[in-house]
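See below for the structure under consideration.
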Amino acid sequence: MNEYVNRELATIEYILEKEEPTFRDLEVYLKDLYIYRRRVTRYHELITQAKEQCTSRGQQSWLRDLTSPFLLEHAKDMEADFIYLQDKALASSRRIEKNIDLLTALVSIGEGKQTLDENHALARLTLLATVFIPFSTVATIFSIQGGYGPGQGMFWLFWAIAIPLTGLVLILSAMYYGIGLSILRRARNVLRIIKRTKKF
């Protein structure tokens, strides 16, 4: 059983090292590791119980010859074998725990990337709405009957109000999110560079 678990762990480790697994693959590997951890823990308990049986040379109700050197040596050999198996199971358990920690971190990173992508998409939608809301607001106001419709004498007023209003909304939103400050700093630096080049 231990060799099977180690082979599966080696496969998972190889895939994580050489490939770019999907978010779904990581979840499947994590589920498999939980199953292996449960099984290895149970096998470790069974090996420990068997080792204790060798130490006490069976249960209390069993008949045993306490004076036979052959039986004592055989019990010690079996106990050594079970200690070896215990160590192997414990090493596999530690390896499983390390892989679980790694996969949990990778799943968290994947969730973070997914959240970041969703936030970028939402920011694009917000920017789109920011641009079109002033136009739709002004168009709604000008839809009132009168000379403000397309082809009428006052239609130019729609563009004269909508474009500056859109610019104002964009500037205010940029300042709110801190983008405006970085743009102003860059503009100041560009102006300083232009002034310095004119002096020379």
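May I ask for log10 I(q)/I(0) of the range 2-117 at q = 0.13, 0.14, 0.21 Å⁻¹, from a Debye sum over the Cα atoms as equal point scatterers with solvent left out?
-0.63, -0.68, -1.07
Size of the dipole of the chain about the Cα centre, Lys and Arg at +1 and Asp and Glu at -1 on the beta carbon, nothing else charged, in debye to 20?
The calculated dipole for the chain is roughly 1900 debye.
May I ask which residue of 40, 72, 6 lies farthest towards the positive end of the charge dipole of the range 2-117, with charges of +1 (Lys, Arg) and -1 (Asp, Glu) on Cβ and the Cα centre as origin?
72
With r as the distance between the Cβ atoms of residue 119 and residue 86 and R0 = 45 Å, compute the FRET efficiency 1/(1 + (r/R0)^6) and round to 0.05.
0.35
Where does the chain land at 222 nm, in deg cm²/dmol rounded to the nearest 500, when only DSSP H runs of n ≥ 4 count, each adding -39500 (n - 2.57), divided by all residues?
-30500 deg cm²/dmol
Please determine, in degrees from 0 to 90 and to the nearest 10, the orientation of helix 23-56 with respect to the longest principal axis defined by the Cα atoms of the chain, where the helix direction is its Cα long axis.
Result, in degrees: 20.
So if I restrict to the alpha-carbon atoms in the range 8-57, what is the Rg, and what is Dmax, the biggest pairwise distance, in Å?
So, for the range 8-57, Rg and Dmax equal 16.5, 52 Å respectively.
Which value does Rg/Rh take for the range 71-160 over its C-alpha atoms, Rh per Kirkwood?
Dividing the radius of gyration by the Kirkwood radius yields 1.77.
Specify the angular offset, from 0 to 90 degrees and rounded to the nearest 10, of the alpha carbon long axis of helix 179-199 from the longest principal axis of the alpha carbons in the chain.
60 degrees
Using 0.36 nm times the number of residues separating residue 77 and residue 23, minus their current alpha carbon distance, what extension gain do you get?
So the chain would gain 14.7 nm between residue 77 and residue 23.
Given Cα positions, please report Rg to Rh for the chain, the hydrodynamic radius being the Kirkwood one.
Ratio of gyration radius to Kirkwood radius for the chain: 1.47.
Pairing the Cα long axis of helix 69-142 with the longest principal axis of the chain, what angle in degrees results, from 0 to 90 and rounded to the nearest 10?
10 degrees
FYI, it's all coordinate maths here, none of it is from the lab. From a predicted model like this one, the values you see are computed outputs, not experimental measurements. Reconstructed Cβ throughout: ideal geometry from the backbone, glycine too, with neighbour counts over all protein chains shown.
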